[in-house]
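Report on the structure given below.
None of the figures in this text is laboratory data; all of them are computed from the coordinates on show. Keep in mind it's a predicted model, so treat the numbers as computed, not measured. Heads up, the Cβs are rebuilt from the backbone with ideal geometry, glycines too, and the neighbour counts pull from every protein chain shown.
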Amino acid sequence: MDPILIEVPREIETPRLLLRAPQAGDGLMLNRAVCDTLDELKPWAAWAQKAPTPEESESVCRRMHADFVLRTALDYFIVLKDGSDTAPRLLGVCNLHNIDWLLRAFELGYWRRKGAGGQGYVSEAVQALTQLAFERFKANRVELRCDERNTASRQVAVRSQFALEGILRRNAFTPDAKLRDTCVFSRLADR
């Protein structure tokens, strides 16, 4: 089946969160979240080495939307469901990427906004996307990768019941061009 024909929900609700696909017009919201969190993202994310302009963030949102439609990556904004009518506050992004629709294998990624840590928001979003992958997409494998030194990401993986498969030694560069080790966690359909 052509992946573009696969039905993917644009919104997913959890007890506390609304996960929704980015769309045109979301650039300013994304820009504020990234700029607020830049210092925390710099050690881990190559894309977060300098503050983006609002226009650059709008371009990113539109590319995320296009990838979502094409089913090459499924990005979701993490927004707190608080019942207010004010503009939503973006708590982070969670996504399924490096998708192999034939093998039914997905890599899961995430980042969270400064000040939103320690409240379980990312774990709740990760569990929702893991459930989506296994139940809706009949995933055989969902994988999560992070820098070995990123203890917060490692804790999310463990809390979300991902098993550490191993550590790839010196397999990638950090954003400041140093060799890094990468932890590979996974969950399998039959386990």
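How would F185, F106, F134 line up from fewest to most surrounding beta-carbon atoms within 10 angstrom?
Fewest to most other Cβ atoms nearby, the residues stand as F134, F185, F106.
Between region 1-17 and region 26-51, how many Å separate their Cα centres?
Their Cα centres are 25 Å away from one another.
How large is log10 of I(q)/I(0) for the chain at q = 0.08, 0.11, 0.17 Å⁻¹ when the intensity is taken from the Debye formula with one equal scatterer per alpha-carbon?
Cα-only, vacuum Debye calculation for the chain: -0.25, -0.48, -1.23.
For q = 0.15, 0.20, 0.26 Å⁻¹, what log10 I(q)/I(0) does region 99-180 give under the Debye formula with an equal point scatterer on each alpha carbon and no solvent?
-0.62, -1.01, -1.29
Full-extension gain between L168 and L80, please, as 0.36 nm times their residue separation minus the C-alpha to C-alpha distance.
Going from the current span to full extension adds 28.2 nm.
Assuming a strict under-22 Å limit between Cα atoms, what lysine pair count do you get for region 3-140 once near-sequence pairs (fewer than 8 apart, same chain) are dropped?
4
Rounded to a whole number of µm²/s, how large is the Stokes-Einstein D of region 1-102 at 4 °C and 1.567 mPa s, given Rh as the Kirkwood radius over C-alpha pairs?
The diffusion coefficient I find is 89 µm²/s.
Arrange T72, T151 by Cβ neighbour counts within 10 Å, fewest through most, would you?
T151, T72
Run the quick spin-label model on E13 and A51: label points 7 Å from Cα toward the beta carbon, then report their separation in nm to one decimal.
Going from the E13 label point to the A51 one covers 3.7 nm.
Please report, in debye to the nearest 20, how large the charge dipole of the chain is about its Cα centre when each Lys and Arg carries +1 at its beta carbon and each Asp and Glu carries -1 there.
About 480 debye.
Within region 1-15, find all residues whose amide N lies under 16 Å from a label point positioned 7 Å from the Cα of K138 along Cα-to-beta-carbon.
Answer for this model: 1-8.
So how do S59, S186, S123, S153 line up by other beta-carbon neighbours within 10 Å, fewest first?
Sorted ascending by nearby Cβ count, the order is S59, S123, S186, S153.
Please work out how much length the chain gains when fully extended from M1 to A177, using 0.36 nm per residue of separation minus the C-alpha to C-alpha distance, in nm with one decimal.
Length difference between fully extended and current span is 59.4 nm.
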